[in-house]
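K.L.:
Dropping a structure here in structure tokens format, bear with me for questions.
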Amino acid sequence: MYKHQTQIRVRYSETDRMHYVYYGNYAQYFEVARVEALRNLGVSYKELEEVEGVLLPVLDYQIKFIKPAFYDELLTINTSITKLPEARIHFEYETLNEKNELINKASTTLVFVRKETMKPMMAPDNLFSKLKSYFS
């Protein structure tokens, strides 16, 4: 299993009338977390798209809210890839507040798509080989 940790500070504009982080903003937080998780492996979303011609649309997004997050809190998002990707890659997330309390659990599944045909494809060799060592 591959794990990575990302921190995000809640901006005022991301909160709602109750001063909670607006629920729709978590999708953006998880996007940041998965891009940084891949970057930490040495895989760039930008290079995947522009050099390798691979797109990664979201197929599925699930979230379970436990506690709210508030303005100016520093959130920690633990991102995990629990199995080697094939034509899809699955990410799991746990978000913790500054008190190290779990505030939500989520997951996303993305599909590898060849940009020129817009058809599903297997995970790029570069990404697969970098992840393989975490699944021995």
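K.L.:
Starting at the first residue of segment 90-104, write each ³J(HN,Hα) from the Karplus equation 6.51 cos²θ - 1.76 cosθ + 1.60 with θ = phi - 60°, in whole Hz, x for Gly and Pro.
P.N.:
With the stated coefficients, segment 90-104 comes to 10, 10, 10, 10, 10, 9, 10, 8, 5, 8, 6, 8, 6, 10, 6 Hz.
K.L.:
Going by how many other beta carbons lie within 10 Å of each one, how would you line up R34, R17, R39, fewest first?
P.N.:
On the way: R34 23, R17 6, R39 14.
Lowest to highest Cβ neighbour count: R17, R39, R34.
K.L.:
Using the Karplus equation 6.51 cos²θ - 1.76 cosθ + 1.60 (θ = phi - 60°), what ³J(HN,Hα) coupling, rounded to whole Hz, does each residue of segment 50-59 give in order, writing x for Gly and Pro?
P.N.:
Karplus-based 3J(HN,Hα) across segment 50-59 equals 7, 9, 8, x, 10, 10, 10, x, 7, 9 Hz.
K.L.:
Build a GNM of the chain with springs between Cα atoms under 10 Å: which of Y93, Y29, Y71 gets the top mean-square fluctuation?
P.N.:
In the Gaussian network model the winner is Y71.
K.L.:
Calculate the FRET efficiency for L74 and K115 from the Cβ-Cβ distance with a Förster distance of 35 Å, rounded to the nearest 0.05.
P.N.:
On the way: r = 36 Å, r/R0 = 1.02.
Efficiency at R0 = 35 Å is approximately 0.45.
K.L.:
Around T82, what is the net charge, scoring Lys/Arg as +1 and Asp/Glu as -1 over all other residues with Cβ under 11 Å from its Cβ?
P.N.:
Values: positive: K3, K83; negative: E92.
Here the count lands on +1.
K.L.:
Here's a follow-up. Below 11 angstrom from the Cβ of M1, what's the summed charge of the other residues (Lys, Arg +1; Asp, Glu -1)? Don't skip to the end; give the middle numbers.
P.N.:
Numbers: positive: K3, K83; negative: E92.
After counting each charged neighbour, the total is +1.
K.L.:
Tell me, what is the FRET efficiency for E86 and Q7 to the nearest 0.05, using R0 = 25 angstrom and their Cβ-Cβ distance as r?
P.N.:
Values: r = 30 Å, r/R0 = 1.21.
Plugging the Cβ-Cβ distance into 1/(1 + (r/R0)^6) gives 0.25.
K.L.:
Can you list residues from other chains, or at least 5 along the same chain, whose modelled amide H is less than 5 Å from the amide H of L59?
P.N.:
T109, L110, V111
K.L.:
Using alpha carbons only, how many degrees (0 to 90, rounded to 10) separate the axis of helix 25-41 from the longest principal axis of the chain?
P.N.:
50 degrees
K.L.:
Here's something else I'd like to know. If amide hydrogens are placed 1.01 Å from N in the peptide plane, which non-local residues have theirs closer than 5 Å to the one on E98?
P.N.:
Placed amide hydrogens put L74 under 5 Å from E98.
K.L.:
Continuing with this model, one more query. Add +1 for every Lys or Arg and -1 for every Asp or Glu among the other residues with Cβ under 13 Å from the Cβ of F91, and state the total. Could the numbers behind the result be given before it?
P.N.:
Values: positive: K3, R34, K83, R88, K105; negative: E31, E36, D60, E92, E94.
My count for the surroundings of F91 gives 0.
K.L.:
OK, next. Output the Cα-based Rg and Dmax of segment 2-135 in Å, rounding Rg to one decimal and Dmax to a whole number.
P.N.:
Radius of gyration, then largest Cα-Cα span, for segment 2-135: 15.7, 47 Å.
K.L.:
What is the count of Lys pairs in the chain whose alpha carbons sit under 22 Å apart, if the two are 8 or more places apart or on different chains?
P.N.:
Qualifying lysine pairs in the chain: 20.
K.L.:
Using Cα pairs under 8 angstrom and six or more residues apart, how large is the relative contact order of the chain, in percent? Mind showing how you got there, number by number?
P.N.:
On the way: 258 pairs, mean separation 40.5, N = 136.
Once divided by the residue count of the chain, the mean separation gives 30 percent.
K.L.:
A further question on this structure: In debye, nearest 20: dipole of segment 53-136 around its Cα centre with unit charges on the Cβ of K, R (+) and D, E (-)?
P.N.:
Numbers: 11 positive and 10 negative charges, 75 e Å.
Magnitude of the dipole: close to 360 debye.
K.L.:
For a quick check, take a GNM of the chain with Cα springs below 10 Å and name the residue from T79, T95, T117 with the largest mean-square fluctuation.
P.N.:
T117
Each reported figure results from applying straightforward, stated rules to the coordinates on display, with no laboratory input. Quick caveat, the model's predicted, so the values are computed rather than measured. Note that we place each Cβ from the backbone using ideal geometry, even for glycine, and neighbour counts take in every protein chain shown.
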